[in-house]
1. Filter segment 374-388 down to the residues that are surrounded by 15 or more Cβ atoms within 10 Å (Cβ to Cβ) and of a type outside the set (S, T, N, Q), then identify the one that is farthest from Val352 (Cα to Cα).
2. In this structure, does Thr72 turn out to be under 16 Å from Asp230 (Cβ atoms), assigned to a loop (DSSP other than H, G, I, E, B) and open to solvent by 50 Å² or more (accessible area, probe 1.4 Å)?
3. From the set of residues in segment 331-354 that are within 16 Å of Val406 (Cβ to Cβ) and of a type in the set (A, V, I, L, M, F, W, C), which is surrounded by the fewest Cβ atoms within 10 Å (Cβ to Cβ)?
4. Taking segment 439-468 as the search range and keeping residues that are over 30 Å from Ser45 (Cα atoms) and of a type in the set (A, V, I, L, M), which one is modelled with the lowest pLDDT?
5. Please verify whether segment 143-150 includes one or more residues that are part of a loop (DSSP other than H, G, I, E, B) and either in contact with a Ser or Thr (Cβ under 6 Å, 6 or more places away or on another chain) or modelled with pLDDT of 95 or more (or both).
6. When you scan segment 270-312, how many residues do you find that are farther than 25 Å from Ser333 by Cβ, among the β-branched types (Val, Ile, Thr) and open to solvent by 40 Å² or more (accessible area, probe 1.4 Å)?
7. Find all pairs meeting these conditions: Cβ atoms under 6 angstrom apart; at least six residues apart or on different chains; first residue within segment 137-148 and on the phi > 0 side of the Ramachandran plot; second residue open to solvent by 10 Å² or more (accessible area, probe 1.4 Å).
8. Which of the residues belonging to segment 30-69 are farther than 30 Å from Ser348 by Cβ and of a type in the set (Asp, Glu)?
Amino acid sequence: MNRLHKLGLVAALIIPLAGTLALAAGPALAATAGCQPATPVPSSSYPGTNVVAANFESGTLDPPFVATAKGTGTASVSTAQAHTGTCAAYLHATSDAGSVADISTPLPAGSTEVYADGWFDITTAGLSGTDVPYFRIFSGTTAVADVYRYNSNGQLWLRTTSAAGSQVYTRLTSSSVPLGSWHHVVAHVVPNAGTTTVEVWFDGARLYSSSQVSSTATTVSAVQLGDEHDRQMGDTYIDDLVVNAAAPAPTTPGTCQPSQPAPSDSYPGTVAAATGFESNTFAPFTAKTAGTGTAAVSSALAHTGGCAAYLHATTDAGSLAYCTLPVPAGTKSVYADGWFNITTAGVSGNDVPYFRFFSGTTRIADIYRYNSNGQLWLRVTSPTGAFTYTRLTSSSIPLSSWHHVVMHLVPNGSATTVQVWFDGAPVYSSSAVSDIASSVSSVQLGAEHDRQMGDSYIDDVVIKAAAS
C-alpha cells in the first residue's frame, strides 16, 4: 500500500470510528415523479431474514432507509440512472466542509450475520487518497468492514477494523473499476471476534473469503451506503438492493422442563437414546460444530416441553453443525424416531438431513429434505460406494412446521432393509436394498461436512438398536 493511500484513509477514518454512526435524518423525502412503483422488488438467494428489498421505484428513500444529507450533500431518488426500472438512489457529496450524504438501514437487534447485495454506478470519483464506498457494515459505532473504490487508482479494496482498533486493508482488484457503469457488489459478514467471516463478490466473482478476520464485533447493527463523515466527495447511483440478516436462536435454559418424561415409542429394540432435550444438553448425543456452525439447546421452538435441539450451518467454508450417537458394537437393526422443524433451507442442489446412519466412517443411508423442491429423499451407499437415490414424496415439505420422521435400517449387503415413515404414513419399505454395510455404528442428526446450510430444530428423539 502506498503512503498516500494509507495516510489519506487513516485521516478520513479518525472521525467516524471515534464518533457515532449518523442515523438522524430530516423529514421524509417527497416521492420522485417518473418512477414505476408497481415494479416487483428485488430478491436474492442469500440466507437470512429480509431486512431490505428496494429498487427505489416507490420514489422515496424512507422507509426502510435513514437518509442523512448535510451541507452540500444530497441523498435522493433519481431518474437520471437506473439498473432496472426508471429510478435509483442517488448520493452526492462534495469536498466542502460539512458535506455528507449517506443512507443506512438498521439490522434486527443481535444480528450475527448479514448479506448486503446491490448494484452501484459511481459516476464521479472523489479526491486522490480517499475513496467512494459501496457497503459499510457497522457494529454499534465501529465499521466492522467496508468495500470501496479507491480514488487514486480505481481499484476495489476491503477495509476491516481489527480487534486492536486499527484498520486492515486488502486490495481486491488490480484493475480499475470503470466510472459511469453498473457493478454488482455483495458483502457478507459474520462477526465472531477473532474469527470473523468476511466475503466479497464483485460482478458475480467471489474476490475475498476468510473466516479468520480479526474483529471485536460479535453482532452487526447497520448497513450503510455512502459516507458518514464529511468531504468524502463522490456521486453514486444505487439500485436493486437486498439486505438479509440472521440471528441465532436464543438459548434460555430456564424454560427447559427437566422433569418432563422422556419420549418413547413402540418400535422394537433396546433404547440407545430417548430425549426431548429438556436437560438443556445434547446428552446422550455428542454435538460437533466448526466455523459459523451452531449446535445448541434452544427454547425458541419445541415440539413438546420447552426446549429442542437446534442446528445451524451456513455456506461459509468450515461451517459445520451436527450431533451423533454411537450404538452398541455389532448392531444390526436401528429404529430412529424424531420430530423435525426445518426453518431455513439450504442452497439449491443441496439438502438438509433428517437422519444419517454410519458404519464406521462410511455414511450408509440417510433421508433428507432436498432444497431444490422440498421433497423427501432417501440416499443409500451401494457396495461400489456410489449413491442410490429414491424420491419418497412428490410434494414439498413445508418449512417452519413440525414433522414426524421414522427410519428403520437393517444393513445386510444386497438384502438390506429400509423403511421410512413420514408424519405417520409409510413412504418406503424394501428388504432388497443394495447397501455397502452389514452393521450400524452411529446415528447422526445434521450434516458432517461443511457448507451444508440449514436451520433445524429437533425434538422427542428415540433411537433403538438391536443385534438382530
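The values are calculated or read from the model by the stated rules, or taken from the named source; none is laboratory data. Keep in mind that what you see is a predicted model, and the values were worked out from it rather than measured. Cβ placement follows ideal geometry from the backbone for every residue including glycine, while neighbour counts extend to all protein chains displayed. Surface accessibility is based on the protein's heavy atoms, side chains included, excluding ligands, DNA and RNA. Shrake-Rupley method; radii C 1.70, N 1.55, O 1.52, S 1.80 Å.
1. Val380
2. Details: under 16 Å from Asp230 (Cβ atoms): yes; assigned to a loop (DSSP other than H, G, I, E, B): yes; open to solvent by 50 Å² or more (accessible area, probe 1.4 Å): yes.
Taking the combined requirement at face value, the residue satisfies it.
3. Trp339
4. Our first condition is that a residue be over 30 Å from Ser45 (Cα atoms); within segment 439-468, this holds for 439-443, 460-468.
Then keep just the ones that are of a type in the set (A, V, I, L, M); that gives 440, 443, 461-463, 465-467.
Numbers: Val440: 96, Val443: 98, Val461: 98, Val462: 98, Ile463: 98, Ala465: 96, Ala466: 94, Ala467: 88.
If we take residues in segment 439-468 being over 30 Å from Ser45 (Cα atoms) and of a type in the set (A, V, I, L, M), then Ala467 is modelled with the lowest pLDDT.
5. Our first condition is that a residue be part of a loop (DSSP other than H, G, I, E, B); within segment 143-150, this holds for none.
No, segment 143-150 contains no residue that is part of a loop (DSSP other than H, G, I, E, B) and either in contact with a Ser or Thr (Cβ under 6 Å, 6 or more places away or on another chain) or modelled with pLDDT of 95 or more (or both).
6. 4
7. Pairs that qualify, where the first residue is on the phi > 0 side of the Ramachandran plot and the partner is open to solvent by 10 Å² or more (accessible area, probe 1.4 Å), are Gly140/Ser221.
8. Residue satisfying the conditions is Asp62 alone.
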